[in-house]
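The values are calculated or read from the model by the stated rules, or taken from the named source; none is laboratory data. All values derive from a computational prediction rather than experimental measurement. No Cβ is skipped: glycine too gets one built from the backbone with ideal geometry, and neighbour counts run over all protein chains shown.
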Amino acid sequence: MNAPLRRARQIFYRGSILEQHEKKIIKLTTSSHALVHLLEGVIPPLIPLLMLEFSTDYFHMGLVVTVLSYAFGFGSLPAGFVVDRIGPRRLITAYLFGTGAASLLVIGAGSLITYGILMGLVGLFCSPYHPASNALISVGIKEKGRVFGIHGIAGSLGVAVVPVVSAWIGTYAGWRGPHIIYGIIGLGLGFYSLTIRRQKTEKKTGADKPKEKGAEQKISLLNLIFFFISAMALGLTYKGIMTFLPAYMGENVTWAGMSVNKVTLGGTVTTLALLSGAVGQYIAGRLVDRISAERLYLLSIAVGTVCVFIMSVSTNVMLIAAAVVYAFFYFSTQPIQNYLLSRYFPPHRQGMGYGIHFFITFGIGSTAAAVSGYLADQFGLRSVFYFMGMCFILSCVASWILLVRTREK
């Protein structure tokens, strides 16, 4: 009688421990995902303050954003391979402690060069996050689809709130304020991550391989090229628009009867517009299983293209409305891209595929920050949105070719 009872108690307690473990993973990955986008998006809302502090221009501020983004993107390429060797939780812990320390060191930054170096360190420590978090969820969570959705929404909310949060903190506590607060949050999450036991990535055996037929084992090299061209162009638009959207909003949106400075106004309006991105991610994630992913991808990019050109010529309500629709459709492309990659790469190569993808979008795409800064200095902030519109057109053409080629198969 005691043996069955003992066995039942073991099963119950083991189930409780596993449930608690999954909850910890969800809490860690969602909060860390929001934080990574607070860290990588902290500079744009502070650009007006930083230009005054360091007596610099848009071009040099764009260079600082580029340094952070290059480190963020290029570091993700080898991170996927490292995850399998030391475990995803360890990399997440390194990201949290590393970014926390580098952010706090901004307290002593007295020149633009020092500030740029510290932002490069922040980007480098952020770089392992995406491949590590995806691996941690994949290995440690049973209902992966639901948690991946929650994880994506947390990231979108981080992107959306960083303009207003950083702008408000920067206005009242100085430009160092947001860095210090985000650094303290990073260190706190770093200590929390230590409470999660290490997850070992399972190696596939020969008996497991026949079950992995859900992904396409082969795909045309040309199709991959067109997909990555489209993703690279979208990466350019993301960094170019997100770097100067708060400043652009501050210059072109006015609220009658309200005396709000441009930094606070630009950050607040940008956040209100970008909140629709989380909704776009959720809806696209639900639709991608029911509608042709390539068709949905092209539709999202095409609508985003129109919105960017409207943003380049509008002000006030029209500008805000165009930005809301833009954010909805731009961020809807992210779950679609992840879905396409899961089909285009076999299971044992998906880590490599996601590594290349993050490298292209965050790494190469970050070039747009410096280029956009140069355009803003020479021709005004509106020229940035014309240039981003051209990048959207390139992505639209590449995704259309991808749709045609996949329909012919």
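Selection of region 96-120 for residues being assigned to a helix (DSSP H, G or I), farther than 30 Å from residue 197 by Cβ and not β-branched (Val, Ile, Thr) yields 105, 108, 112, 115, 116, 118, 119, 120.
The set of residues in region 61-70 being buried (at least 20 other Cβ atoms within 10 Å of the Cβ) and over 14 Å from the mean Cα position of the chain (by Cα) consists of 61, 62, 64, 65, 66, 67. Annotation: of all residues in region 329-387 being touching a residue at least 12 places away in the same chain (Cβ under 8 Å) and assigned to a loop (DSSP other than H, G, I, E, B), the one that is farthest from residue 76 (Cα to Cα) is 346. Looking at this structure, is residue 239 out of contact with any Asp or Glu (no Cβ under 6 Å at 6 or more places or on another chain), surrounded by 24 or more Cβ atoms within 10 Å (Cβ to Cβ), modelled with pLDDT of 70 or more and within 25 Å of residue 312 (Cβ to Cβ)? So residue 239 passes the test.
The residues of region 119-164 that are surrounded by fewer than 21 Cβ atoms within 10 Å (Cβ to Cβ), modelled with pLDDT of 90 or more and hydrophobic (A, V, I, L, M, F, W, C), listed by number, are 121, 124. For region 363-402, residues that are modelled with pLDDT under 85 and over 13 Å from residue 240 (Cβ atoms) total 1. Scanning region 151-186 for residues that are aliphatic (A, V, I, L, M), under 17 Å from the mean Cα position of the chain (by Cα) and closer than 27 Å to residue 22 by Cβ yields 153, 154, 157, 159, 160, 161.
On the given criteria, is residue 330 under 24 Å from residue 40 (Cβ atoms), under 20 Å from the mean Cα position of the chain (by Cα) and either at pLDDT 90 or above or surrounded by 18 or more Cβ atoms within 10 Å (Cβ to Cβ) (or both)? It is true that residue 330 is under 24 Å from residue 40 (Cβ atoms), under 20 Å from the mean Cα position of the chain (by Cα) and either at pLDDT 90 or above or surrounded by 18 or more Cβ atoms within 10 Å (Cβ to Cβ) (or both).
Is it the case that region 313-324 has a residue that's under 26 Å from residue 404 (Cβ atoms) and hydroxyl-bearing (Ser, Thr, Tyr)? There is no residue in region 313-324 that is under 26 Å from residue 404 (Cβ atoms) and hydroxyl-bearing (Ser, Thr, Tyr).
So, in region 53-95, of the ones that are free of Cβ contacts under 8 Å to residues at least 24 places away in the same chain and assigned to a helix (DSSP H, G or I), which residue ends up nearest to residue 32 (Cα to Cα)? Filtering first and then ranking leaves 86.
Determine whether residue 324 is in a helix (DSSP H, G or I), under 18 Å from the mean Cα position of the chain (by Cα), at pLDDT 85 or above and farther than 23 Å from residue 226 by Cα. Yes: the conditions hold for residue 324. Close contacts from region 234-249, counting a first residue that is at negative phi and a second that is aromatic (Phe, Trp, Tyr), with Cβ to Cβ under 7 Å and a gap of 6+ residues or different chains, come to 235/362; 237/392; 240/387. As for region 303-318, it holds at least one residue that is in contact with a helix residue (DSSP H, G or I) (Cβ under 8 Å, 6 or more places away or on another chain), surrounded by fewer than 20 Cβ atoms within 10 Å (Cβ to Cβ) and farther than 24 Å from residue 251 by Cβ.
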